[in-house]
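The values are calculated or read from the model by the stated rules, or taken from the named source; none is laboratory data. Keep in mind the model is a prediction, meaning the values are calculated, not measured. Using ideal geometry, Cβ is built from the backbone for each residue, glycine included, and neighbour counts are taken over all protein chains shown.
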Amino acid sequence: MISNISKRYARAFFDIAAGENKLEGYYNELAQFSSFINQDQNLREFLANPVFEQAIKKNVVEKLISKLQLSAMTINFLKLLVDKKRIEVLPDITICYRQMMDEELKKVSVNLKTAFPLSAEMQAYISSSLEKLTGRQVEMTVEKDPALLGGIVIGVGDTLYDGSIKNQLNNMRNLLGEAR
């Protein structure tokens, strides 16, 4: 569950990015740094641990920043998070920011799972159909999931469209179980 604190920081950074017309650029930088933290469990635990002094944490974050190509605004925002003891909520801030950005730019993230690879034409057809359905530009991620047996599962925001054979078999099993 995303905290109100994360939402407030995301809104503040989003408002600055919108004012500078750099919504996607700043998002990419936040996501890059956030994924850097997410990939290292020891780093996550270190940043979340209140035992370590803020100066040490800030030094570590500055060293990480030096390895990445980030704008001055993003660097200042990350340093502010360290100073305010909020750097551990950066992943949540990034998620909130993404939601605000997608809303502003009329985009929607779609996760498509399929048992077998889809042709480029089929992916384009599904994407255009979802754009008509949602009225937004679709950014689709395709994953291969052999456990589905066949068919597809499409996640659009909080909505899940499950057209997998596995789901259909489970539904038949439930119907047959109720018929006994």
Next on the checklist: Need pairs with beta-carbon distance below 9 Å; first residue under 14 Å from residue 95 (Cα atoms) and within segment 31-53, second part of a loop (DSSP other than H, G, I, E, B); sequence gap 6+ or separate chains.
Outcome noted: 32/68; 32/69; 32/70; 33/68; 33/70
Checklist entry - Within segment 17-30, which residues are buried (at least 16 other Cβ atoms within 10 Å of the Cβ) and assigned to a helix (DSSP H, G or I)? => result 17, 23, 26, 27, 29, 30
Checklist entry - Out of curiosity, is residue 160 part of a strand (DSSP E or B), without any contact (Cβ under 8 Å) to a residue 40 or more places away in the chain, of a type in the set (A, V, I, L, M, F, W, C) and loosely packed, with under 13 Cβ neighbours inside 10 Å? => result yes
Checklist entry - Looking at 81, 112, which one is modelled with pLDDT of 90 or more and outside the structural domain of residue 9 (by TED's automatic domain parsing)? => result 112
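Across segment 69-93, what is the number of residues that are more than 20 Å from the chain's Cα centre (by Cα) and not β-branched (Val, Ile, Thr)?
Matching residues across segment 69-93 total 10.
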Checklist entry - Does residue 169 fit the bill of being in the same structural domain as residue 9 (by TED's automatic domain parsing), out of contact with any helix residue (DSSP H, G or I) (no Cβ under 7 Å at 6 or more places or on another chain), on the phi < 0 side of the Ramachandran plot and exposed (fewer than 15 other Cβ atoms within 10 Å of the Cβ)? => result no
Checklist outcome for this item: Scanning segment 90-108 residue by residue, those in contact with a Leu (Cβ under 8 Å, 6 or more places away or on another chain) and in a helix (DSSP H, G or I) turn out to be 90, 93, 94, 97, 101, 104, 105
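Taking residue 99 as the residue in question, decide whether it is under 18 Å from residue 5 (Cβ atoms) and of a type in the set (S, T, N, Q).
So residue 99 passes the test.
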